[in-house]
Amino acid sequence: MITVNGGGEEDPGARELRDGAAALFSGQAIGRSLGFSFGPLGDAEVGEAFAPEDVRRLSRIRGAYDPDEVILSNHRIPPLV
């Protein structure tokens with residue numbers, strides 16, 4: 001994950017800047033790369049990077065093996081319990 005302010009918290013104007021930049025290319029987008037996100041992404045935004053069946057599968061796996069979210073990754077996959 002690339003953070004605009006260099007820390008774990010998003011700068012107040014960073015999301016607006018990122019969304020504005022993304023809007024310029026919305027017609028040319030063919031997918032999403034989680035490696036090029038600016039600041040923290042919400043669960044819905046992370047979910048959009050995967051096919052719906054993959055999000056459900058990953059959430060089921062998280063719920064079965066790590067329901068308390070002890071193992072952390074760059075982008076949160078919420079457990080399906």
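The values are calculated or read from the model by the stated rules, or taken from the named source; none is laboratory data. Note that the structure is a prediction, hence the values are computed from the model and not measured. Here the Cβ positions follow ideal geometry from the backbone for every residue, glycine too, while neighbour counts run over all protein chains shown.
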Residue in the range 55-70 that is touching a Gly at 6+ places or on another chain (Cβ under 9 Å), loosely packed, with under 13 Cβ neighbours inside 10 Å and either small (Gly, Ala, Ser) or in a loop (DSSP other than H, G, I, E, B) (or both) present: no
Qualifying residue in the range 1-19 (condition: exposed (fewer than 15 other Cβ atoms within 10 Å of the Cβ), assigned to a helix (DSSP H, G or I) and either modelled with pLDDT under 75 or more than 17 Å from the chain's Cα centre (by Cα) (or both)): no
Hits in the range 71-81 - residues which are surrounded by 15 or more Cβ atoms within 10 Å (Cβ to Cβ) and either under 19 Å from ASP11 (Cα atoms) or in the same structural domain as GLY20 (by TED's automatic domain parsing) (or both): HIS75
Test result for VAL46, modelled with pLDDT under 80 and of a type in the set (Val, Ile, Thr): no
